[in-house]
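Each remark here refers to the structure printed beneath this line.
The values are calculated or read from the model by the stated rules, or taken from the named source; none is laboratory data. Quick caveat, the model's predicted, so the values are computed rather than measured. In this analysis, Cβ positions are derived from the backbone assuming ideal geometry, glycine residues included, and neighbour counts consider all displayed protein chains.
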Amino acid sequence: MKRTSLFFTIVLGLLIACSEEVFVPKPKLYLRPDLPNHSYVSKTIDHGTLAYTFQMPAQYSLGTTCDDTLLQLSYFRREELKRFAMQSFELSPIKGWLNMYSCRFDSRDSLAKLLNYSIKLKEDHILKADGIESVKINNPAQKVYGTLFSLKGNVASNFHFHLTDSTSRFVMGIVELDATPNYDSLKPTLEYIKKDLDKITQSFQWKNLSP
């Protein structure tokens, strides 16, 4: 009788254990930000010796300042820094900025130094990146050549690009967001920005371009 009772106790215990739900943690859900539809307007930036135009997102606005800390004195001599003109764009309604740095150069060596610096800035973030994608810009008709880099992962800046006419003009762009780097939560926003940057770089033209 005791064996029978023990048997039923064990069976009942197993049935209760099997009927209990197993807790499986759910992945984090991130709300997609409410961003406006993409629309663009023609924008011209004229720094005197260097001017350019592109299709700018209609919601962007000109910033009053531009972060010049990226132009490190350790890389450029003080007289070289004077060549740079800087312009920022507020990525409204996204809290962030597109900073664009432009300058003239007078030799292949100068262009190589500018390209190396652009790559150096990108590589400073690659150590924390999970991956990187690049899109080549090749527009011989307008003499616009360059690369747009997209860095994946929890990095301070996910987008860098540089553009040149290969003979005397150079522009570098860097996106900075006012947010803690979290690639998963920012991914919808970054995808939105990427589409705008594609439009900017593909529509980019130099003004007063000599033949």
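Key figures
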| quantity | calculated |
| --- | --- |
| Pair list, Cβ < 7 Å and 6+ apart or interchain, from segment 94-123 residues that are closer than 17 Å to Ser150 by Cβ to residues that are surrounded by fewer than 16 Cβ atoms within 10 Å (Cβ to Cβ) and not small (Gly, Ala, Ser) | Gly96/Asp178; Asn99/Asp67 |
| So Ile94, is it under 16 Å from the mean Cα position of the chain (by Cα), of a type in the set (Val, Ile, Thr), assigned to a loop (DSSP other than H, G, I, E, B) and surrounded by 17 or more Cβ atoms within 10 Å (Cβ to Cβ) | yes |
| Which listed residue, of Ser150, Ser134, is of a type in the set (Gly, Ala, Ser), within 21 Å of Ala179 (Cα to Cα) and modelled with pLDDT of 80 or more | Ser150 |
| Yes/no for Ala156 being modelled with pLDDT under 85 and touching a helix residue (DSSP H, G or I) at 6+ places or on another chain (Cβ under 7 Å) | yes |
| Hits in segment 175-211 - residues which are assigned to a strand (DSSP E or B) and at pLDDT 90 or above | Val175, Gln205, Trp206 |
| Test for Leu163: is it in contact with a Gly (Cβ under 8 Å, 6 or more places away or on another chain), outside any helix (DSSP H, G or I) and farther than 26 Å from Leu35 by Cα | yes |
| Per-region count, segment 166-198, residues of a type in the set (Asp, Glu), surrounded by fewer than 21 Cβ atoms within 10 Å (Cβ to Cβ) and either in contact with a helix residue (DSSP H, G or I) (Cβ under 9 Å, 6 or more places away or on another chain) or under 22 Å from Phe89 (Cβ atoms) (or both) | 4 |
| Residues being among the aliphatic types (A, V, I, L, M), in contact with a strand residue (DSSP E or B) (Cβ under 7 Å, 6 or more places away or on another chain) and over 10 Å from Trp97 (Cα atoms) - total across segment 171-185 | 2 |
| Matching residues in segment 84-116 - criterion: being farther than 30 Å from Pro188 by Cα, aromatic (Phe, Trp, Tyr) and in contact with an Asp or Glu (Cβ under 9 Å, 6 or more places away or on another chain) | Phe84 |
| Odd one out for Tyr52, checked against (1) touching a helix residue (DSSP H, G or I) at 6+ places or on another chain (Cβ under 6 Å); (2) modelled with pLDDT of 90 or more | (1) |
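Matching residues to (1) within 19 Å of Glu176 (Cβ to Cβ); (2) modelled with pLDDT under 60; (3) assigned to a helix (DSSP H, G or I):
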residue	(1), (2), (3)
Arg3	no, yes, yes
Phe7	no, yes, yes
Leu15	no, yes, yes
Val24	no, yes, no
Asp34	no, no, no
Ile45	yes, no, no
Thr69	yes, yes, no
Asp106	no, no, no
Asp109	no, no, yes
